[in-house]
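Chemist: This structure is in structure tokens; I'll ask about it shortly.
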Amino acid sequence: MFSQAQFGANAYARVGVETGIMGASPHQLIVLLYQGARQAIAQARMHLQAGNVGPRCEAVGKAIRIVESGLQLALNVEAGGEIAKRLNSLYSYMTKRLLEANINQSETMLIEVDGLLATLEEAWLGIAPEAARMMAERASAPAGSVTR
């Protein structure tokens with residue numbers, strides 16, 4: 001079924017992903033979640049076009065888990081205020097649309113959610129310099145001091 005080379009390549013890829021996660025900042029972890037969800041949606045689209053029901057369902061399920069258990073659970077609605085509340089609603093909408101896309105076999109709905117995720121990923125990448133600056137300030141602050 002799988003050759004030793006494929007098995008080795010997959011193991012190498014897993015180590016690369018795990019290493020990337022271990023060394024990632026909180027900001028970078030969110031980027032990885034956006035990328036993972038978008039990759040799962042791309043796989044779902046590919047399986048939808050090929051008529052592969054089982055793998056399509058698995059890919060959509062993975063995208064839903066990333067949105068719900070990764071992006072949505074990472075929100076701090078109290079500290080994040082209105083933006084976090086809106087993101088929470090948007091993530092709930094995305095989850096609903098992914099489920100509907102799977103049930104209705106709708107590539108249009110998958111494309112819609114991918115577009116929403118792409119927009120959020122782009123915005124998140126846009127604040128990377130500010131996030132890095134804040135992390136550096138926290139890391140250099142004396143113990144017990146408060147930074148912005």
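Chemist: Residues in segment 29-55, backbone N under 18 Å from the label point at residue 111 (7 Å along the Cα-to-beta-carbon vector): list them, ranges by number please.
Modeler: Hits in segment 29-55 for residue 111 at 18 Å: 38-51.
Chemist: Further question: Students often check this: by mean Cβ neighbours within 10 Å, which of 37-49, 69-81 ranks highest, and how do the rest follow?
Modeler: Highest to lowest by the protection proxy: 37-49, 69-81.
Chemist: If you stretched the chain out fully between residue 39 and residue 83, how much longer would it get, using 0.36 nm times the residue separation minus the C-alpha to C-alpha distance?
Modeler: 13.3 nm
Chemist: Can you compute the FRET efficiency between residue 52 and residue 31 using 1/(1 + (r/R0)^6), with r the Cβ-Cβ distance and R0 = 30 Å? Round to the nearest 0.05. Don't jump to the answer; show the numbers that get you there.
Modeler: On the way: r = 29 Å, r/R0 = 0.95.
Step by step, r from the Cβ atoms, then E = 0.55.
Chemist: Between residue 127 and residue 96, what FRET efficiency follows from the Cβ-Cβ distance if R0 is 35 Å, with the result rounded to 0.05?
Modeler: For residue 127 and residue 96, the calculated efficiency is 0.85.
Chemist: How would you order 122-129, 88-95 from highest to lowest mean count of nearby Cβ atoms within 10 Å? Walk me through the intermediate numbers first.
Modeler: Numbers: 122-129: 11.5, 88-95: 16.5.
Those peptides, ordered most packed to least, come out 88-95, 122-129.
Any read-out appearing in this document is the output of simple, stated calculations on the displayed coordinates, not a laboratory observation. None of these values were measured; they are calculated from a predicted model. Here the Cβ is made from the backbone with ideal geometry for all residues, glycine too, and neighbour counts use every protein chain on show.
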